[in-house]
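The values are calculated or read from the model by the stated rules, or taken from the named source; none is laboratory data. Bear in mind the structure is a predicted one, so any value in this text is a computation, not a measurement. So basically every Cβ, Gly included, is an ideal-geometry build from the backbone, and we count neighbours across all protein chains shown. SASA here: full protein model, heavy atoms, side chains in, ligands and nucleic acids out. Shrake-Rupley method; radii C 1.70, N 1.55, O 1.52, S 1.80 Å.
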Amino acid sequence: MPLDLTQLYQRVSRVIPPIEWALFSPDIEAIHRLKRERNAVILAHNYQTPEIFHGVADIVGDSLLLAREAMNADADVIVLAGVHFMAETAKLLNPAKTVLIPDTRAGCSLAESITAADIRLLRQRHPGVPVVAYVNTSAAVKAESDICCTSGNAKKIVESLGVPEVIMLPDEYLAQNIAAQTHVKIITWAGHCEVHERFTPQEIANLRAAHPGLTVLAHPECPPDVVAVSDFAGSTAAMSDYVAREKPARVVLITECSMSDNVAAGHPGTEFIRPCNLCPHMKRITLPNIRECLETMQTQVEIEPALMARARLSVERMLAVQ
């Protein structure tokens with residue numbers, strides 16, 4: 001069935017001008033053709049730009065959804081339009097499949113804030129305390145941890161362990177925000193997301209003053225004082241669901257700014273205010289390098305087998321929590 005670029009453009013016409021779409025179209029057509037030839041699927045995180053998110057991706061969502069759907073992908077090749085730890089997670093759950101990342105420099109300030117050696121030292125300082133690793137970590141860190149979590153299921157994961165105390169890493173603010181919702185004592189690590197840590201309560205106050213009636217939705221990687229002055233805090237999936245459910249007249253998503261474009265495309269009745277904090281790592285993924293990686297089958301994500309088995313266990317434990 002031929003690709004209908006006109007119909008595809010209708011999804012994004014509110015957020016991509018026609019002149020930009022004309023520039024994107026050749027790569028979009030080529031990527032769809034290459035997906036058929038390679039039996040490939042593209043997984044795109046919510047922070048990808050609209051021409052990727054709506055134009056070429058087969059599966060879109062937050063880290064948890066991508067982790068789950070990676071296992072169900074009926075394809076020989078998985079292209080991860082996101083950052084490196086996400087591609088590693090896809091490989092952990094699909095060891096027999098080829099997993100590609102279009103740019104190996106697409107890293108993450110959180111993932112880079114902690115190492116496997118750091119976790120071994122934490123275990124020495126807190127013997128017997130389980131380690132909950134945010135999925136925004138390397139495979140080596142996941143291998144040293146007991147279980148993974150995402151921003152969407154962190155509270156559930158922490159409480160599922162049935163213990164009075166856990167180590168939760170690497171995002172200090174996410175851990176503090178979860179600690180405020182549970183009786184479990186949480187030992188934190190001083191890692192931060194370079195996008196979310198920049199938001200401040202004063203910025204929220206300024207936005208409310210400039211845009212009366214504004215609904216403020218914050219990601220839990222934001223500092224607790226930002227979450228405290230917001231109307232709702234949740235994962236990117238939870239924020240998207242909130243907009244669909246509550247249909248606010250005017251909303252701001254306190255997170256990476258491409259998220260607003262992607263949600264706005266499907267909600268013409270809501271006005272989106274955009275404080276634009278970009279993730280430089282996510283923005284390394286582009287239509288041209290997605291096309292190139294499918295043409296060349298580079299770069300393939302590889303994980304040492306013994307490390308893979310240990311890291312996969314922590315992800316599978318997370319996915320088993322209902």
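When the chain is fully extended, how far beyond the present Cα-Cα distance does Glu316 get from Glu271, taking 0.36 nm per residue of separation?
Numbers: separation 45, 0.36 × 45 = 16.20 nm, distance 3.88 nm.
The span from Glu316 to Glu271 would gain 12.3 nm if fully extended.
How far apart, in nm, are the 7 Å Cα→Cβ label points at Gln298 and Met71?
Between Gln298 and Met71, the label points sit 3.4 nm apart.
For segment 197-298, what is the convex hull volume of the alpha-carbon atoms per residue, in Å³? Numbers along the way, then the final one.
Numbers: hull volume 11.6 nm³, N = 102.
Here the figure is 114 Å³ per residue.
Hey, can you find the accessible area per residue of the chain for me, probe 1.4 Å, expressed in square angstrom? Walk me through the intermediate numbers first.
Numbers: 13520 Å² over 322 residues.
It amounts to 42 Å² per residue over the chain.
With θ taken as phi - 60° and the coefficients 6.51, -1.76 and 1.60, list the Karplus ³J(HN,Hα) couplings across segment 131-139 in order, rounded to whole Hz; mark glycine and proline as x.
With the stated coefficients, segment 131-139 comes to 9, 9, 9, 4, 4, 6, 9, 6, 4 Hz.
So what is the orientation-averaged projected area of segment 239-316, using the convex hull of its C-alpha atoms, in nm²?
Values: hull surface 32.4 nm².
The number I arrive at for segment 239-316 is 8.1 nm².
At 37 °C and 0.692 mPa s, what whole-number value in µm²/s does Stokes-Einstein give for the translational diffusion of segment 6-64, with Rh from the Kirkwood sum over Cα pairs?
Values: Rh = 12.0 Å.
Here the translational diffusion coefficient equals 273 µm²/s.
Does segment 81-155 come out rounded, prolate or oblate, given a ≥ b ≥ c as the square roots of the eigenvalues of its C-alpha gyration tensor, rounded meaning a/c under 1.5 and, failing that, prolate meaning a/b above b/c?
Taking the square roots of the gyration eigenvalues as a ≥ b ≥ c, segment 81-155 is prolate.
Rounded to two decimals, what is the ratio between the C-alpha radius of gyration of segment 85-209 and 2.2 N^0.38 Å? Display every interim value, and only then the final one.
Details: Rg = 15.9 Å, N = 125, 2.2 N^0.38 = 13.8 Å.
Rg over 2.2 N^0.38 Å, computed on Cα atoms: 1.15.
To the nearest 500 deg cm²/dmol, what mean residue ellipticity at 222 nm is calculated for the chain from DSSP H runs of n ≥ 4 alone, each contributing -39,500 (n - 2.57), summed and divided by the residues? Show your work: numbers first, answer last.
Numbers: 15 runs with 142 residues, N = 322.
It comes out at -12500 deg cm²/dmol, rounded to the nearest 500.
Starting from the Cα gyration tensor of segment 121-183, take the square roots of the eigenvalues, sort them a ≥ b ≥ c, and report rounded, prolate or oblate (rounded when a/c is under 1.5, otherwise prolate if a/b is larger than b/c, else oblate). Can you show the working numbers first?
On the way: a/c = 1.60, a/b = 1.16, b/c = 1.38.
Verdict is oblate for segment 121-183.
For segment 150-246, what mean projected area does the convex hull of the alpha carbons give, in nm²? Provide the component values of the computation, followed by the final result.
On the way: hull surface 26.1 nm².
Spelled out: convex hull of the Cα atoms, projected over all directions, averaged, 6.5 nm².
Run the reach check for Lys247 against lysines, Cα to Cα strictly under 27 Å, same-chain hits fewer than 8 apart removed. What comes back?
By straight Cα distance, Lys247 reaches Lys155, Lys156.
Taking amide hydrogens as modeled 1.01 Å from N in the peptide plane, which residues meet the under 5 Å criterion relative to Ile147, leaving out close sequence neighbours?
Those qualifying (amide H under 5 Å, at least 5 residues apart or on another chain) are Val131, Ala133.
Which whole-number percent gives the relative contact order of segment 130-274, counting Cα pairs below 8 Å spaced six or more residues apart? Present the calculation step by step, with values, prior to reporting the outcome.
Working: 247 pairs, mean separation 25.4, N = 145.
Dividing the mean separation by the residue count of segment 130-274 yields 18 percent.
What's the Cα-based Rg to Rh of the chain, Rh via Kirkwood? List each step's numbers first, then the result.
Details: Rg = 19.6 Å, Rh = 20.2 Å.
Result: Rg/Rh = 0.97.
In the chain, carbon and sulfur make up what percent of the accessible area (probe 1.4 Å)? It would help to have the intermediate numbers written out before the result.
Details: 7040 of 13520 Å².
Carbon and sulfur together cover 52 percent of it.
Say each of Asp58 and Ala116 gets a label point 7 Å from the Cα, pointing the same way as Cα to Cβ; how far apart are those two points in nm?
3.1 nm
Less than 13 Å Cβ to Cβ from Lys283, Lys/Arg counted +1 and Asp/Glu -1: what total charge do the surrounding residues give?
On the way: positive: Arg105, Arg284; negative: Glu51, Asp103, Glu194, Glu256, Asp261.
Local charge sum for Lys283: -3.
Between segment 252-313 and segment 123-183, how many Å separate their Cα centres?
23 Å
Treat segment 279-322 as a sphere of radius equal to its Kirkwood radius over Cα pairs and apply Stokes-Einstein at 37 °C in a medium of 0.692 mPa s; give the translational diffusion coefficient in µm²/s, rounded to a whole number. Don't skip to the end; give the middle numbers.
Values: Rh = 13.3 Å.
Reported coefficient: 247 µm²/s.
Mind computing the radius of gyration and Dmax over the alpha-carbon atoms of segment 106-145? Å is fine for both.
For segment 106-145, the Cα-based Rg and Dmax read 10.2, 34 Å.
What are the extents of the Cα atoms of segment 1-138 along their three principal axes, listed from largest to smallest and rounded to whole Å?
Largest to smallest, the principal-axis extents are 59, 32, 22 Å.
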